[in-house]
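**Student:** Following this message is one structure expressed as structure tokens.
The numbers here are math on the coordinates, done by the rules we state, and not lab data. None of these values were measured; they are calculated from a predicted model. With ideal geometry, Cβ positions are generated from the backbone for all residues, glycine too; neighbour counts draw on all protein chains shown.
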Amino acid sequence: MALRFEQLTDPTALANAVLPILVNIVAALLIFFIGKWVVARIVDVMKKALRRRNVDETLCNFIGNIAFALGVAVVVISALGRIGVDTTSAAAVLGGAALAVGLALQGQLSSFAAGVMLILFRPFQKGHFVEVGGKMGTVEEITIVATRLVSTDNQEVTIPNAQVWSNVITNYSAKPTRRVDLMVNIAYSADLRRAKDILMGIMQEESRLLPDPAPSVVVTSLSDNSVDFAVRGYCNTSEWWAIRCDLIERIKLTLDDEGIEIPFPQMDLHVRDMAPAAAA
């Protein structure tokens, strides 16, 4: 409100003119602070409700921050409207700014959307050993825009969630048990039944393998240079790697001690005697 010169020289007129302005300013401040407090309380109630439904803490905090920002924006526009600011223009400016930011952050927004999906559907959790985006490692942190892994050689790998969600996800820790699969080859000249009994004995002696499903040893193929066995047994997921390495070593040493050959690709060359004329 503009003040005329006559109002500035007349105390009564000045008071009548300034008082509404002060009232509007005080009202705008009250709207802002009370509105901000109300928004914070509403957000707290909403986050508690989400936690009671076992929603991931990262998603709870993110939704809470978004709701708080939107609520404060509404409060600010209301306060500006109370002191006479054109709120339509303010809303248009905010909308334009949001559009510009969205266009500038398209990749980050896609990672954000993928992060929401990862948190909602939980294909893996912190501490799981996974393979995602061509990388393998233990999940250290799942944020709203990226997933961090620690590789087996203790390197930290950060993958944008857009790449995680758009690729095949293999979670090696999702199930409590896992099957150990080994391929063992023996020479054609070796005793197949005896080799099978030896392999089965090795599997039965491994106390860390689960009795149900029981370990198995089966012939899978007759390849060019060997008879191929599939040696299988279930174990606890946390012990899979150690059991697999121990079984490979034990199988090799036992077959060597028993005189059963583990062949390698080779070619037999047969030379025939030729008549002198043919040789010439």
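**Student:** Give, rounded to the nearest 20 debye, the magnitude of the charge dipole that the range 131-264 has about its Cα centre when Lys and Arg contribute +1 at Cβ and Asp and Glu contribute -1 at Cβ.
**Tutor:** Values: 13 positive and 20 negative charges, 89 e Å.
The dipole magnitude comes to about 420 debye.
**Student:** Still on this model: Which ³J(HN,Hα) values in Hz, rounded to whole numbers, follow from the phi angles of the range 246-254 under the Karplus curve 6.51 cos²θ - 1.76 cosθ + 1.60, where θ = phi - 60° and Gly and Pro get x?
**Tutor:** 5, 5, 4, 5, 5, 5, 4, 5, 5
**Student:** Compute the Cα gyration tensor for the range 177-257, then decide on rounded, prolate or oblate, letting a ≥ b ≥ c be the square roots of its eigenvalues: rounded whenever a/c is under 1.5, prolate when a/b is larger than b/c in the other cases, and oblate in all that remain.
**Tutor:** Prolate, because a/c is 1.5 or more and a/b exceeds b/c.
**Student:** Along its principal axes, what span do the Cα atoms of the range 123-171 show, with the longest given first and each in whole Å?
**Tutor:** 25, 19, 16
**Student:** Please report the net charge: other residues with Cβ closer than 14 Å to the Cβ of residue 40, K and R +1, D and E -1.
**Tutor:** Local charge sum for residue 40: +3.
**Student:** Further question: Contour minus end-to-end for residue 248 and residue 26, with contour as 0.36 nm per residue of separation and end-to-end as the Cα-Cα distance? Can you show the working numbers first?
**Tutor:** Details: separation 222, 0.36 × 222 = 79.92 nm, distance 7.95 nm.
Computed gain between residue 248 and residue 26 is 72.0 nm.
**Student:** Please report 170, 138 as a ranked list, fewest other C-beta atoms within 10 angstrom at the top and most at the bottom.
**Tutor:** Fewest-to-most Cβ neighbours within 10 Å comes out as 170, 138.
**Student:** So if we plug the beta-carbon distance of residue 228 and residue 54 into 1/(1 + (r/R0)^6) with R0 = 51 Å, what FRET efficiency do we get, rounded to 0.05?
**Tutor:** Efficiency, from the Cβ-Cβ distance: 0.60.
**Student:** Considering only the other residues whose Cβ falls under 9 Å of the Cβ of residue 126, what net charge follows from Lys and Arg at +1 and Asp and Glu at -1?
**Tutor:** -2
**Student:** Classify the range 103-184 from the C-alpha gyration tensor, please: rounded if a/c falls under 1.5, else prolate or oblate depending on whether a/b exceeds b/c. Before the final figure, lay out each step's value.
**Tutor:** Values: a/c = 2.30, a/b = 1.97, b/c = 1.17.
Because a/c hits 1.5 or more and a/b exceeds b/c, the range 103-184 counts as prolate.
**Student:** What does the charge count near residue 151 come to, summing +1 for each Lys or Arg and -1 for each Asp or Glu among other residues with Cβ under 15 Å from its Cβ? Provide the component values of the computation, followed by the final result.
**Tutor:** Details: positive: 135, 148; negative: 131, 140, 141, 153, 156.
Surrounding charge for residue 151 is -3.
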